[in-house]
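Enquirer: Below is the structure I would like to discuss, written out as structure tokens.
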Amino acid sequence: MKRAVHIGRNPSAEPDLEELVGRVALGEEEAFASVYDLVAGPVLGVVRAVLRDQAQSEEVAQEVLVEVWRTAARYRRDRGTAINWILTLAHRRAVDRVRSVEAAAARDHKAALLEQTPEYDEVTEQVEARLEREQVRRCLRTLTEIQRQAVTLAYYRGLTYRQVAEALTLPLGTVKTRLRDGLIRLRDCLGVTA
């Protein structure tokens, strides 16, 4: 059984909420003031039950009442009472606010995590460089002692062939041969195609 919500002392002389919402749909400000007075408390109660924060609840309740003003023409009596329609708007708006706040917090958290982690490319490059160094070390161990010394002096210390020959007290031709042979073995070990 549908009970009409009345305003004032004489219930029979005052319009019910459904009628008031119909008048609000026509743009009657006085009817909206009456609707506001009737539903502001229940709207705030529904919103407060969802949000639990007084300031946000008041803000969302105001948004709901503005929505009632703007969308009163969408209310349909055949789908339920005006108070149920308004409280449904309030509940949906409150739930939307909770979701929005949670989504914003999740975005902030994700952004904070991204700022703390190095970029993907940087990590990949570090891993690849480490693997390449390990592979080069492993391949250097396959060279003869003279080849390893010649390659190390020429390519890691930046000495010229002549300086390598002087450091190893070997003829220049021998150093060149050892370097060439050592580089060929390294190329084969590393799987580099010429």
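Enquirer: Calculated from DSSP H runs of 4 or more alone, at -39500 (n - 2.57) each and per residue, what is the 222 nm mean residue ellipticity of the chain, nearest 500?
Expert: After summing the helix terms and dividing by the residues of the chain, the value is -24500 deg cm²/dmol.
Enquirer: Given a 1.4 angstrom probe, I'd like the percentage of the accessible area of the chain that is carbon and sulfur, rounded to a whole number.
Expert: Carbon and sulfur: 51 percent of the exposed surface of the chain.
Enquirer: Of the trypsin sites (Lys or Arg not before Pro) in region 41-101, which ones lie in a loop per DSSP and count no more than 12 other C-beta atoms within 10 Å?
Expert: Arg52, Arg76
Enquirer: For region 51-174, what is the accessible area per residue in Å², given a 1.4 Å probe and the full set of protein chains?
Expert: 72 Å²
Enquirer: Which of the listed residues, Val192, Gln147, Val21, is farthest toward the dipole's positive end in the chain, when Lys, Arg count +1 and Asp, Glu count -1 at the beta-carbon?
Expert: Toward the positive end, the furthest listed residue is Gln147.
Enquirer: In Å and whole numbers, how far do the C-alpha atoms of the chain stretch along each principal axis, longest first?
Expert: 121, 30, 28
Enquirer: Quick check: the angle from helix 29-51's long axis to the longest principal axis of the chain, C-alpha only, nearest 10 degrees?
Expert: 40 degrees
Enquirer: Looking only at GluC sites (Glu not before Pro) in DSSP loops with at most 16 other Cβ atoms within 10 Å, what is the longest site-free stretch of the chain?
Expert: Result, exposed sites excluded: 29-118.
Enquirer: Hand me the trypsin sites (Lys or Arg not before Pro) from region 146-182 located in a DSSP loop with no more than 11 other Cβ atoms within 10 Å, in residue order please.
Expert: Arg157
The values are calculated or read from the model by the stated rules, or taken from the named source; none is laboratory data. Fair warning: this is a prediction, and the values are worked out from it, not measured in the lab. Counting neighbours? That spans all protein chains shown, and the Cβs are built from the backbone with ideal geometry, glycine included. With ligands, DNA and RNA removed, areas are computed over all heavy atoms of the protein, side chains included. Shrake-Rupley method; radii C 1.70, N 1.55, O 1.52, S 1.80 Å.
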